[in-house]
Amino acid sequence: MRVAVFSAKPYDQTFLTRANSANRHELSFFDVRLSVDTAPLAKRFEAVCAFVNDHLYADVLEQLHASGTRLVALRSAGFNHVDLAAAERLGITVVRVPAYSPHAVAEHAVALVMSLNRMTYRAYNRVREGNFALDGLLGFDLFGKTVGVIGTGNIGLIFANIMHGFGCRVVASDPFPNPNAEPFVEYVPLASLYAQADIISLHCPLTPDTDHLINADAIAQMKQGVMLINTGRGRVVDTQAVIAGLKSGHIGRLGLDVYEEEEQLFFEDLSYKVIDDDQFMRLTTFHNVLITGHQAFFTAEALTNIAETTLANIDAFESGTGTLHRVVYDKQT
Ligand code: NAI
């Protein structure tokens, strides 16, 4: 099939080309994000391959459909950026990579916890400048602390297991408790998780229920000085509310790999530009905030799995055999 690959960075090209070694499909790489403006690039491509910040809303899908696209192959697990109702109406099949490396994301969440706790990102700079003072670097033992995990699917479960390994008590909230979590996770109501947890990590998808789940009301229920980690989706957190929480000291440490307005920023080198997102820039001024640019998934294993599953999805769609990891429109949501 002819496949238009959007948001195609050099690493995407490397891994997808490797997975397409038999040249089963004709891949054309476009560095730009998919949007109303760039959709014409996909003219006469039967398949479009997209990533997390590409727009797959009704207007874009209509354009793609009109110019011959029948398949949208997401290189992500999340599909909150796709108008599934519009895709179904247009007869466009949407496929995804359901789990490419839950370990990559869970381990990155742990990295944020560890760095924020011991402030290694500050220590790195201090030592390079000959400043060996320890003031401001005080951490706490993870052993014996309570960790709250919101969403115990593939990633949340691995995160919970690692934190349990540190000797933490793990409490969790999930509308569908994971039977594999039972030995080391205690499910509690969300309000109870907020009240007990020293560290809260978000591993739920972005849905109407989780949109701004972490708002002023939720933060008010959390422990004073709580550490909050978000490697899920940016909009699960109300950024204004966490900025207020940081200013008041209610939030003691914040680790973000995702940000609600990230599509204007992440995956690009903007170091030579003026960044006009004042909210984001405010976040970067806090000494106790650590932000990474949606890199939690970024391991060699994950990129290999993403590329191989994406190509297998396209094979299955074209041949009508094999496993198609289809995203089905749920009329209830
Ligand atoms: P998953 O589908 O295996 O697990 C999600 C869990 O969240 C499920 O158990 C579900 O029942 C639960 N959930 C749904 N609504 C909830 C709510 N209101 N409260 C609490 N739990 C709720 O998904 P997986 O693979 O663990 O991924 C989780 C999320 O991580 C993805 O949806 C995606 O947004 C994000 N992600 C981030 C990446 C990154 O690089 N930062 C990479 C991959 C995924």
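Residues are listed down the side, and each one gets a yes or a no for (1) assigned to a helix (DSSP H, G or I); (2) open to solvent by less than 30 Å² (accessible area, probe 1.4 Å); (3) more than 29 Å from VAL105 (Cβ to Cβ):
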{"site": "PHE45", "(1), (2), (3)": "no, yes, yes"}
{"site": "ASP54", "(1), (2), (3)": "no, yes, no"}
{"site": "LEU61", "(1), (2), (3)": "yes, yes, no"}
{"site": "HIS65", "(1), (2), (3)": "yes, no, yes"}
{"site": "GLY68", "(1), (2), (3)": "no, yes, yes"}
{"site": "VAL72", "(1), (2), (3)": "no, yes, no"}
{"site": "SER76", "(1), (2), (3)": "no, yes, no"}
On the basis of being modelled with pLDDT of 95 or more, at positive phi and more than 16 Å from the ligand (Cβ to nearest atom), does GLY225 make the cut?
yes
Take the residues in region 82-116 that are assigned to a loop (DSSP other than H, G, I, E, B) and among the hydrophobic types (A, V, I, L, M, F, W, C), then tell me which one is farthest from the ligand (Cβ to nearest atom).
ILE92
Return the pair list, or none, for Cβ contacts closer than 8 Å from residues in region 307-327 that are within 17 Å of ALA99 (Cα to Cα) and free of Cβ contacts under 8 Å to residues at least 24 places away in the same chain to residues that are open to solvent by 60 Å² or more (accessible area, probe 1.4 Å) and in a loop (DSSP other than H, G, I, E, B), at least 6 apart or on different chains.
ALA312/GLY322; ALA312/THR323
Identify, please: which residue in region 166-177 is open to solvent by 30 Å² or more (accessible area, probe 1.4 Å) and under 21 Å from ALA99 (Cβ atoms) and is, among those, farthest from the ligand (Cβ to nearest atom)?
PRO177
Any idea how many residues of region 30-55 are over 12 Å from ARG75 (Cβ atoms) and within 23 Å of the chain's Cα centre (by Cα)?
6
Would you mention how many residues in region 79-92 are surrounded by 18 or more Cβ atoms within 10 Å (Cβ to Cβ) and more than 28 Å from MET163 (Cα to Cα)?
7
The residue from SER192, SER201 that alone is free of Cβ contacts under 8 Å to residues at least 24 places away in the same chain, on the phi < 0 side of the Ramachandran plot and within 14 Å of the ligand (Cβ to nearest atom) is SER192
Just one of the numbered conditions (1) open to solvent by 70 Å² or more (accessible area, probe 1.4 Å); (2) in a loop (DSSP other than H, G, I, E, B) is not true of LYS247; which one?
(2)
Taking GLU26 as the residue in question, decide whether it is open to solvent by 60 Å² or more (accessible area, probe 1.4 Å) and farther than 28 Å from ASN161 by Cα.
yes
Only one of SER7, SER21, SER101 is at pLDDT below 95, surrounded by 17 or more Cβ atoms within 10 Å (Cβ to Cβ), out of contact with any Gly (no Cβ under 6 Å at 6 or more places or on another chain) and not aliphatic (A, V, I, L, M). Can you tell me which?
SER101
Can you find a residue in region 256-277 that is charged (D, E, K, R), outside any loop (DSSP other than H, G, I, E, B) and over 28 Å from HIS103 (Cα atoms)?
no
Residue list for region 35-72, restricted to those being touching a helix residue (DSSP H, G or I) at 6+ places or on another chain (Cβ under 9 Å) and within 16 Å of the ligand (Cβ to nearest atom)
PHE51, VAL52, ASN53, ASP54, LEU56
When you go through (1) of a type in the set (Ser, Thr, Tyr); (2) assigned to a helix (DSSP H, G or I); (3) surrounded by 22 or more Cβ atoms within 10 Å (Cβ to Cβ) one by one for TYR124, which number turns out not to apply?
(3)
Residue ID - farthest from GLY245 (Cα to Cα), chosen from residues in region 184-217 that are polar (S, T, N, Q) and open to solvent by 40 Å² or more (accessible area, probe 1.4 Å)
THR207
Which one is least open to solvent (accessible area, probe 1.4 Å) among residues in region 127-147 that are over 17 Å from GLY252 (Cβ atoms) and of a type in the set (A, V, I, L, M)?
ALA133
Going by what's in this entry, would PHE79 be described as at pLDDT below 95, touching a strand residue (DSSP E or B) at 6+ places or on another chain (Cβ under 8 Å) and either within 10 Å of the ligand (Cβ to nearest atom) or within 25 Å of ALA300 (Cβ to Cβ) (or both)?
yes
Count, please, the residues in region 19-48 that happen to be touching a Lys or Arg at 6+ places or on another chain (Cβ under 6 Å) and in contact (Cβ under 8 Å) with a residue 40 or more places away in the chain.
2
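The values are calculated or read from the model by the stated rules, or taken from the named source; none is laboratory data. In this text, all values refer to a predicted model and were calculated from it rather than measured experimentally. We place every Cβ from the backbone using ideal geometry, glycine too, and count neighbours over all the protein chains shown. Note: areas computed on protein heavy atoms with side chains; ligands, DNA, RNA excluded. Shrake-Rupley method; radii C 1.70, N 1.55, O 1.52, S 1.80 Å.
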